[in-house]
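Each remark here refers to the structure printed beneath this line.
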Amino acid sequence: MTTASASTPLLELHGISKSFGSVQALSEVDFEARAGEVMALVGDNGAGKSTLIKCVAGIHAADSGQIVFDGQEVNIHGPKDAAKLGIEVVYQDLALCDNLDVVQNMYLGREAHDVLQRLNEPQMEYKTAETLKSLAVTTIRSTRQLVASLSGGQRQSVAVARAVMWNSRVVILDEPTAALGVSQTRQVLDLVKRLAQQGLAVVLISHNLQDIFEVANRITVLRLGRSIAVYERDKTTQQELVQAITAGIPTKVAGIAETAPEIVS
């Protein structure tokens, strides 16, 4: 299998469509993510962002379309298929167990055992500490802390670290800074940057355009289940993105400077 270069998409979606009964959630959506970059996925509520990601994660099966991973077409029938490829998703609810510690959450369902089939606690502790260190997560004082005692930013760090510990190549983050304070948001955004610097393809779903403009390299806009446009972060503005999200209608947004209206084709 060939290795994707920085300019070659690691993950490509071509013409992905998905309906739920009479509701057309996705209609011929194209999307891509490259190794070493952060691709933001934006759109209003109901734009199809979550459905698209669930098709990649194997939770939903697309009705039609093609998924290409590292240059080869793949069939993803479930989360295990996605994980085998190296695709990990960190959902908004994080799926962490408050009554377990950091190590136990990192290895939940994937516990390491010794030759006698006993839990290999030293190995799991070491690997957890190494993963957190590689991501420069320094705010967690002990890998044996209960998750219930962690802040929102620390929980997000644990969830991201768990995703990248299993030889991941694509990490999808669903609203990672939602409901976080300023300092915790800073921790998570720095973590997102480090993931891309380590060569992973990062997909960031967020409604916060300030966060997106800080960390994303490119931005894909979905509207009503269709892919509208892909923007280079350095060649667009927040106002232009808002116009694309809202069907190209110029919109005055609090805190965003006015720009000349541009029509998104």
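Computed over the chain, the per-residue total of -39500 (n - 2.57) for DSSP H runs of n ≥ 4 gives a 222 nm mean residue ellipticity of -8500 deg cm²/dmol, rounded to 500.
Farthest toward the positive end of the dipole of the chain, out of Ala244, Leu191, Val215, is the Cα of Leu191, where the dipole comes from beta carbon charges about the Cα centre. With the chain treated as a Gaussian network of Cα nodes joined by springs under 10 Å, which of Ala82, Ala40, Ala178 yields the largest mean-square fluctuation? Its mean-square fluctuation being the largest, the pick is Ala178.
Once you order the gyration tensor axes a ≥ b ≥ c over the Cα atoms, which shape class does region 176-230 get: rounded for a/c under 1.5, otherwise prolate or oblate by comparing a/b with b/c? Cα axes put region 176-230 in the oblate bin.
Computed from Cα positions, the angle between helix 182-197 and the longest principal axis of the chain comes to roughly 90 degrees. To put it simply, the accessible area of the chain at a 1.4 Å probe is 50 percent carbon and sulfur.
Taking Cα centre as origin and charging only the Cβ of basic (Lys, Arg, +1) and acidic (Asp, Glu, -1) residues, the dipole magnitude of region 21-160 rounds to 480 debye.
For Ile228, the residues 5 or more places off, or on other chains, whose built amide H falls under 5 Å of its own are Val221, Leu222, Arg223. Could you tell me how many degrees, from 0 to 90 and to the nearest 10, lie between the Cα long axis of helix 152-164 and the main elongation axis, the longest principal axis, of the Cα atoms of the chain? The angle comes out near 80 degrees.
For the set Lys133/Lys193; Lys54/Lys133; Lys54/Lys84, the pairs lying more than 20 angstrom apart at their alpha carbons are Lys54/Lys133. Beta bridges from DSSP with both residues in the chain: antiparallel share about 60 percent, rounded to the nearest 5. Along region 235-243 the Karplus relation, 6.51 cos²θ - 1.76 cosθ + 1.60 evaluated at θ = phi - 60°, assigns HN-Hα couplings of 10, 9, 10, 4, 5, 5, 5, 4, 4 Hz to successive residues, with x for each Gly and Pro. Within the listed set Asn217, Asn45, Asn105, the Gaussian network model of the chain (springs between alpha-carbon atoms below 10 Å) gives the highest mean-square fluctuation for Asn45. Rounded to the nearest 10 degrees, the angle from helix 121-134 to the longest Cα principal axis of the chain is 40 degrees. Considering only trypsin sites (Lys or Arg not before Pro) in DSSP loops that have at most 15 other Cβ atoms within 10 Å, the longest stretch of the chain without any of them is 1-109. Mean sequence separation of contacting Cα pairs (under 8 Å, at least six apart), scaled by the length of the chain, corresponds to a relative contact order of 25 percent. Placing dummy labels 7 Å off each Cα toward the beta-carbon, the span from Ile59 to Asn45 is 1.7 nm. Could you work out which residue, out of Val160, Val23, Val202, moves most in a Gaussian network model of the chain, that is, has the largest mean-square fluctuation with Cα springs under 10 Å? Ranking Val160, Val23, Val202 by mean-square fluctuation puts Val23 first. Note that the chain presents 48 Å² accessible area per residue, ligands and nucleic acids not counted, probe 1.4 Å.
Dipole magnitude for the chain: about 380 debye, using +1 per Lys or Arg Cβ and -1 per Asp or Glu Cβ, origin at the Cα centre. Amide H to amide H distances under 5 Å link Leu10 with Ala33, Arg34, Ala35, where only residues 5 or more positions off or on other chains count and H is placed in the peptide plane.
The values are calculated or read from the model by the stated rules, or taken from the named source; none is laboratory data. Computed from a predicted structure; not experimentally measured. Cβ atoms come from the backbone with ideal geometry, glycine included; neighbour counts cover every protein chain shown. Areas reflect the complete protein model, heavy atoms only, side chains present, ligands, DNA and RNA absent. Shrake-Rupley method; radii C 1.70, N 1.55, O 1.52, S 1.80 Å.
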